[in-house]
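One structure is given here, and the rest of the page talks about it.
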Amino acid sequence: MKVELIAVGKIKPPFLEAETHYLKMLKPLMPVEVNEVKDDAALARIVTSARATGGSQPDPGTIVALDAGGRDMNSERWASWLDERRHDGRRLTLLIGGPEGLPGEISGQADHRLSLGPQTMAHQLARIVLLEQLFRASKILAGQKYHL
């Protein structure tokens, strides 16, 4: 399964080091490709284009909006949900918005809306929390300890 994280904005220190750390740990379990876009409009264009291809482009796969109003999951649910996506065999595209979160029109086009919890957090921190949850879920699925 190919996993892509599309995020609004360029990650900066101190979050850059944490992102590098989790991407390195994820690589043997589930490589994640991170793509940054300038703003919400660029993200909206990507999502709209993926949905509108109608077979002329490769399958856009499962699009997931990270949204405070989405489904809240603990680590075991993340693992189970990720396992279901893995068995689907489709690309998994995870979307993180900018400082204001994802616009409603983007969330509305997603196949799933997931939450990282009810608290408000910086969008760059949300990237780290998401990568950590993907790492933890991958370790659970591999039957390995995940506490660092």
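The values are calculated or read from the model by the stated rules, or taken from the named source; none is laboratory data. Because the structure is predicted, anything quoted here is derived from the model rather than measured. All Cβ positions, even for glycine, are placed from backbone atoms using ideal geometry, and neighbour counts span all protein chains on display.
Every listed requirement among (1) surrounded by fewer than 19 Cβ atoms within 10 Å (Cβ to Cβ); (2) touching a residue at least 12 places away in the same chain (Cβ under 8 Å); (3) hydroxyl-bearing (Ser, Thr, Tyr) is met by Ser138 save one, (1). Cβ separations smaller than 7 Å between residues 6+ apart or across chains give the following pairs from the stretch 19-31 residues that are touching a residue at least 24 places away in the same chain (Cβ under 8 Å) to residues that are of a type in the set (Gly, Ala, Ser) and assigned to a helix (DSSP H, G or I): Leu26/Ser138; Leu29/Ser138; Met30/Ser138. Would you say Glu76 is surrounded by fewer than 16 Cβ atoms within 10 Å (Cβ to Cβ), touching a residue at least 24 places away in the same chain (Cβ under 8 Å) and farther than 24 Å from Tyr146 by Cβ? Spelling it out, it is not the case that Glu76 is surrounded by fewer than 16 Cβ atoms within 10 Å (Cβ to Cβ), touching a residue at least 24 places away in the same chain (Cβ under 8 Å) and farther than 24 Å from Tyr146 by Cβ.
Residue by residue, here is whether (1) touching an Asp or Glu at 6+ places or on another chain (Cβ under 7 Å); (2) over 15 Å from Gln124 (Cα atoms); (3) assigned to a strand (DSSP E or B); (4) modelled with pLDDT of 95 or more holds:
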| position | (1), (2), (3), (4) |
| --- | --- |
| Leu23 | no, no, no, yes |
| Ala41 | no, yes, no, no |
| Ala50 | no, yes, no, no |
| Gly55 | no, yes, no, no |
| Pro58 | no, yes, no, no |
| Val64 | yes, yes, yes, yes |
| Asp67 | no, no, yes, no |
| Gly70 | no, yes, yes, no |
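May I ask you to verify whether Arg51 is loosely packed, with under 15 Cβ neighbours inside 10 Å and in contact (Cβ under 8 Å) with a residue 24 or more places away in the chain? Criteria met by Arg51.
The condition of being modelled with pLDDT of 95 or more, crowded, with 17+ Cβ neighbours inside 10 Å and within 22 Å of Ala18 (Cβ to Cβ) holds for only one of Leu82, Leu102, that being Leu82.
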